[in-house]
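The values are calculated or read from the model by the stated rules, or taken from the named source; none is laboratory data. In this text the structure is predicted, and so the values were computed from the model without any measurement. Note that we place each Cβ from the backbone using ideal geometry, even for glycine, and neighbour counts take in every protein chain shown. Ligands, DNA and RNA are stripped out before the accessible areas are found, and what is left, the full protein with its side chains, is counted by its heavy atoms. Shrake-Rupley method; radii C 1.70, N 1.55, O 1.52, S 1.80 Å.
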Amino acid sequence: MNQRLFFILAVLCGVSLFASDVSQAYAKQKPNIILIMADDLGYAELGCYGQTKIKTPHIDQLAAEGMKFTQAYAGSMVCQPSRSVLMTGQHTGHTAVRANDLNQLLYGQDKTVAEVLKDAGYATGIFGKWGLGYEGTPGHPNRQGFDQFTGQLLQVHAHFYYPFWIWRNDKKVMLPENENNQRGNYIHDLIHEDAKDFIRKNQNQPFFAYLPYIIPHVELVVPEESEHPYRGKFPKTQILDPRPGYIGSDDGLVTFAGMVSRLDDHVGEIVEMLEEMGIRDNTLIIFTSDNGGQGGTWKGMTDFFNGNAPLKGYKGTMYEGGLRVPFVVNWPGKVAPGTTSDLQIAFWDILPTFAQIAGTNVPKGVDIDGISFLPTLLGKGNQKKHKYLYWEYTKGEMRSRALRMGDWKAVQNRMKNSIELYDLGKDVGETKNLAKQNPEKLKEMEQIMQQAHTKPRDFPQTLKPVGIKGYVK
């Protein structure tokens, strides 16, 4: 080999090695992101938000060592549209899925936070309830930016803690130990173990682990070791499930507390694992809930624990109890410990925040409603604020909606009902309807709600609902 050619090859190799080193160094600088979302956990069902009867030491520690938001909002008052908002960065006046409707799903043109992070070099995994597309559709998580999926595609499947099968990507994993009414494999535990495996396998590269766990959504059931610490501490209360075939509890308050504590224990396991792998300091953890605490049959249970206190309403309503959720952010060395923020944020802010953290951009050609709250997390820079926050629940001709603008909150639980108006700065419990006293403010907010709404997709109703026998034997 002549000297000139040798020199050129040496230079090229040197450049290649240098570029590789820079690339690896940059990859190490990108923080891992773990988003843990409980299912139907009320605003005050964690110790760090005032809970006194249920013990949640691990999540409380995340809050003590990080930031707690006091005015954080879910994407919707129920699970499916809330998840669509989280994924797309669009509020329910714009996002694809606006109701709990198995036929509403994401299409190929919908860009998710998983796709944004995957394009930025992240490994992506989801473990738990998806709810935005079933098998064979463009809404399947593996077609929406996720490399790995374990869980339930349909929210009805996610109602059950002892199903006889579950999804791993596009494959059904059979669980014969749960057949014939056996309780061999508590499905939350299986999902949790797969989530941990994903984190372990990807510890040497940036990863996004989305953990939409199904606890503490009813049915009411949890292994005995989680109930035991609470046995005899609450009035023994039978809480049966009115839905045929669903599991209820003869000691329902104990069961519910045990479910929340089991979730908390598993959050602790994830943190401990990150520390053991030496990646804790480079990992952003967010803990939240998909909507407010449970009402209906389970209203008394939520009330016993003051689960939505001091807020009005429950899951399924546009009041604060249906929309405001716990939101804890922990990021060692970046988020100051022991801090509290009253910034008004909502699930549609997650996509632009994660994009900025990953050093990438939001999807082009898409109207994103969210605003990055990274300046608030880091305690520096100019934090932009929302002019308003908007929610709607639209299914056919039925629509409920709400708007928050500053301290004012407009609520219309059905379009046929009059719009209610509250001053949350003075009345966080929404006890005094001020609509008659403030007609101009009411008119202004109604106009904004009209402007925030776009025509929803006309989803073909092709999926036939599968009954309980499709998931439980």
Qualifying position, being under 18 Å from the mean Cα position of the chain (by Cα) and either under 24 Å from Arg83 (Cβ atoms) or modelled with pLDDT of 95 or more (or both), among Phe304, Phe354 | Phe354
Among residues belonging to region 144-175 that are among the charged types (D, E, K, R) and touching a Ser or Thr at 6+ places or on another chain (Cβ under 8 Å), point out the one that is nearest to Leu106 (Cα to Cα).
-> Asp147
Cβ-Cβ under 9 Å pairs, at least 6 apart or on other chains, region 319-348 side under 18 Å from Tyr393 (Cα atoms), far side open to solvent by 10 Å² or more (accessible area, probe 1.4 Å) and modelled with pLDDT under 95 | Tyr319/Asn413; Gly321/Ala309
If we ask which residues in region 365-401 are open to solvent by 70 Å² or more (accessible area, probe 1.4 Å), under 18 Å from Gly75 (Cα atoms) and modelled with pLDDT under 95, their number turns out to be 2
When you scan region 211-304 for helices (runs of 4 or more DSSP H) that lie fully inside it, which ones turn up with 1 or more residues that are open to solvent by less than 10 Å² (accessible area, probe 1.4 Å) and closer than 25 Å to Lys469 by Cα?
-> 252-277
Could you pull out the residue among Ser372, Ser400, Ser418 that is under 22 Å from the mean Cα position of the chain (by Cα) and not in a strand (DSSP E or B)?
-> Ser372
Of all residues in region 133-163, which are among the aliphatic types (A, V, I, L, M), touching a strand residue (DSSP E or B) at 6+ places or on another chain (Cβ under 7 Å) and either open to solvent by 10 Å² or more (accessible area, probe 1.4 Å) or touching a residue at least 40 places away in the same chain (Cβ under 8 Å) (or both)?
-> Ala158
Would you check if Gly425 is more than 21 Å from the chain's Cα centre (by Cα), of a type outside the set (D, E, K, R) and in a loop (DSSP other than H, G, I, E, B)?
-> yes
Mind listing just one residue for me: the one in region 428-443 that is within 31 Å of the chain's Cα centre (by Cα) and of a type outside the set (A, V, I, L, M) and, of those, surrounded by the most Cβ atoms within 10 Å (Cβ to Cβ)?
-> Glu430
Looking only at region 407-419, and only at residues there that are open to solvent by less than 40 Å² (accessible area, probe 1.4 Å) and modelled with pLDDT of 95 or more, the one that is farthest from Lys334 (Cα to Cα) = Ile419
